[in-house]
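In what follows, a structure is listed as structure tokens, so that the remarks can point back to it.
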Amino acid sequence: MPPTHEVLNQVPPLTGYDVADDPGMLDALRRAGAGWAEAEVREIGRLAGTARAQEWGRLANENPPVLHTHDRFGHRIDEVEFHPAWHELMSVAVGAGLHAAPWRDTRPGAHVARAAKFYLWGRTDAGHCCPISMTYAIVPALRNAPDLARRYEPLLTSAVYDPGLRPADGKRGLIAGMSMTEKQGGSDVRANTTRAVPVPGDAAGAGSYLLTGHKWFTSAPMSDVFLVLAQAPGGLSCFLLPRVLPDGTRNGMHLQRLKDKLGNRSNASAEVEYDQAVAWLVGEEGRGVRTIIEMVNMTRLDCVIGAATSMRSGAVQAAHHAAHRSAFGAVLADQPLMANVLADLAVESEAATAVTFRLAAATDRAAAGDEQEAAFRRLALAATKYWVCKRAPAHAAEALECFGGNGYVEESGLPRLYREAPLQSIWEGSGNVAALDTLRALTRQPEAAGAFFAEVGQAAGADRRLDAAIARLRTELSDPAQAETRARRLAEALAVVLQGSLLVRFGDPAVADAFAASRLGGDWGGAFGTLPAGADTGTIIKRVTPAVPSS
């Protein structure tokens with residue numbers, strides 16, 4: 001029988017291209033002194049753009065992890081089973097050093113190089129980036145316990161992915177997690193009720209503690225070691241807790257159930273019960289928040305990177321679709337209103353990328369002892385975590401809409417991007433927490449505000465709209481009235497001014513002009529596709545249009 005229809009006007013698959021073909025990212029990499037890593041970054045980008053890697057991401061999300069609390073004989077095992085695609089993704093990430101390379105690589109720009117790889121590889125799947133991020137973030141916090149750091153840091157920074165529940169000392173590489181949130185407190189971790197009782201000189205080692213309590217949300221519960229907050233005799237404290245004890249026995253960490261999440265489905269997140277689980281103190285008793293915040297500040301950076309990854313992915317997919325799809329007698333990308341939307345998505349993406357890599361560079365320099373960069377990072381990261389992560393869901397929704405009904409179908413991949421987008425804004429401190437942290441940095445650490453204005457001041461005189469926005473920001477910050485009520489507005493203003501300054505100094509002129517005209521001009525409504533007349537949409541769209549080989 002003859003076919004009932006021909007397939008026409010459909011878009012070719014977005015595969016077989018170099019995801020690292022991203023001028024904003026590459027310029028930032030070189031500018032931060034990490035050009036030495038470009039070949040490695042390109043290698044990750046090429047792999048991320050293959051059909052094989054994209055299929056790993058699809059399979060890992062369509063076959064989410066499964067919890068097995070007991071074996072068939074009734075023994076407690078607390079195992080999480082993952083699809084093989086998950087392990088492929090993890091193996092590439094660890095092998096490329098996304099999890100911890102900067103802690104063993106002393107070259108300037110190591111944190112920026114790692115951020116670039118994380119930014120690119122996250123295009124395959126966001127879920128596995130969670131344990132990768134926590135492993136990266138645990139190292140500086142663990143250094144508050146030098147003996148534990150000497151023992152575990154070489155394994156945490158190993159470039160070998162070695163899954164499975166075995167004693168840490170017998171593995172070739174470790175993955176780390178973090179266990180903070182409890183059902184009665186959420187972000188208010190000082191309300192935690194998990195108890196830690198010291199057991200000097202027990203079989204697990206002198207100075208160990210036994211933890212008992214419940215954690216409401218522990219991501220990546222299959223990790224080898226965790227930083228855990230618990231109430232010790234001296235107050236809320238931070239502990240390192242292994243899944244398997246040095247003698248090979250399972251620790252008292254029981255997985256109650258896995259969370260059924262909106263997105264991030266390839267990654268397991270669990271409720272955990274600690275039943276006299278052995279753990280070791282990290283830092284001092286009573287200083288748990290101060291200790292674990294070092295880990296949180298690293299994972300917050302990865303939330304920003306993840307949001308920038310989401311925006312770049314959405315902008316690229318939308319531009320690719322519009323370049324190959326026709327409607328009303330013309331290619332979508334050639335129609336003025338669609339071109340305005342695509343260009344606006346690209347502008348938002350480039351602004352997110354610029355600030356992401358500026359923060360990665362600040363992380364690199366702060367780790368090397370630069371106090372000015374550390375002060376800048378303190379304020380800029382809090383404000384950027386609020387704003388860039390808050391923009392990601394709206395960006396994903398607009399990118400999906402560029403596909404029309406095709407974008408609402410699971411096979412397009414856009415629904416996964418859309419479900420994933422809110423996560424970065426929620427984890428590691430949701431919007432209000434990030435905004436209040438911004439306010440805290442402004443009021444308690446005046447050197448942070450000084451470093452911030454020194455940074456944006458380097459663009460002074462380059463664009464009158466930016467100069468006016470900086471002046472307005474100074475005026476807003478000088479008025480302490482109802483500061484807490486205005487915390488979100490202040491965080492947004494700080495982040496947008498920083499993005500504008502970076503684009504004016506280093507960005508493509510067409511992108512910088514469009515950003516300043518829309519975001520800094522004073523009449524921006526926030527909707528995508530509202531760039532003012534005169535914006536060079538064609539030049540902007542080219543920066544996110546992928547070079548896909550013809551089939």
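The values are calculated or read from the model by the stated rules, or taken from the named source; none is laboratory data. Computed from a predicted model, the values in this text were never measured in an experiment. Using ideal geometry, Cβ is built from the backbone for each residue, glycine included, and neighbour counts are taken over all protein chains shown.
Of note:
- Every test in (1) over 24 Å from A318 (Cβ atoms); (2) out of contact with any helix residue (DSSP H, G or I) (no Cβ under 6 Å at 6 or more places or on another chain); (3) touching a residue at least 40 places away in the same chain (Cβ under 8 Å); (4) in a helix (DSSP H, G or I) is passed by D27 save one, and that test is (1).
- Residue within region 431-443 that is modelled with pLDDT under 95, in contact with a Lys or Arg (Cβ under 7 Å, 6 or more places away or on another chain), not in a helix (DSSP H, G or I) and not aromatic (F, W, Y) present: no
- Qualifying residue in region 401-409 (condition: in the same structural domain as M311 (by TED's automatic domain parsing), within 25 Å of G507 (Cβ to Cβ) and either of a type outside the set (G, A, S) or in contact with a Gly (Cβ under 9 Å, 6 or more places away or on another chain) (or both)): yes
- Breaking point among (1) part of a helix (DSSP H, G or I); (2) in contact with a Cys (Cβ under 8 Å, 6 or more places away or on another chain), for E428: (1)
- Test for S501: is it in a helix (DSSP H, G or I), without any contact (Cβ under 8 Å) to a residue 60 or more places away in the chain, more than 16 Å from Y386 (Cβ to Cβ) and among the polar types (S, T, N, Q): yes
- Boolean, S349 is among the hydroxyl-bearing types (S, T, Y) and crowded, with 24+ Cβ neighbours inside 10 Å: yes
- Residue in region 300-313 that is farther than 28 Å from E455 by Cα and either out of contact with any helix residue (DSSP H, G or I) (no Cβ under 6 Å at 6 or more places or on another chain) or not assigned by TED's automatic domain parsing to the domain that holds A126 (or both) present: yes
- Residue selected from region 159-183 under the condition without any contact (Cβ under 8 Å) to a residue 40 or more places away in the chain and crowded, with 16+ Cβ neighbours inside 10 Å, by the criterion nearest to the chain's Cα centre (by Cα): T181
- For A333, the test of being in contact with a Leu (Cβ under 9 Å, 6 or more places away or on another chain) and farther than 18 Å from Q499 by Cβ is passed.
- Within region 332-382, the set of residues being more than 22 Å from G122 (Cβ to Cβ) and among the aromatic types (F, W, Y) comprises just one member, F376.
- Scanning region 340-386 for residues that are assigned to a helix (DSSP H, G or I), in contact with a Pro (Cβ under 8 Å, 6 or more places away or on another chain) and not acidic (D, E) gives a single hit, A367.
- The one condition in (1) closer than 20 Å to I305 by Cα; (2) modelled with pLDDT of 95 or more; (3) within 22 Å of the chain's Cα centre (by Cα) that R488 fails to fulfil: (1)
- The residues of region 184-199 that are under 28 Å from the mean Cα position of the chain (by Cα) and farther than 27 Å from A435 by Cβ amount to a single one, T194.
Each row is one residue, and each column tells you yes or no for (1) buried (at least 18 other Cβ atoms within 10 Å of the Cβ); (2) among the β-branched types (V, I, T); (3) not in a helix (DSSP H, G or I).
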site	(1), (2), (3)
A60	yes, no, no
H87	no, no, no
L98	yes, no, yes
D105	no, no, yes
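- Residues satisfying the stated conditions in region 145-168, i.e. at pLDDT below 95 and either in contact with a helix residue (DSSP H, G or I) (Cβ under 8 Å, 6 or more places away or on another chain) or at positive phi (or both): G164, A168
- Sub-8 Å Cβ pairs linking a first residue in region 471-483 that is surrounded by 12 or more Cβ atoms within 10 Å (Cβ to Cβ) to a second residue that is among the basic types (K, R), at least 6 apart or interchain, are E476/R486; E476/R489, ordered by first then second residue.
- The number of residues in region 483-498 that are not charged (D, E, K, R) and not in a helix (DSSP H, G or I) comes to 2.
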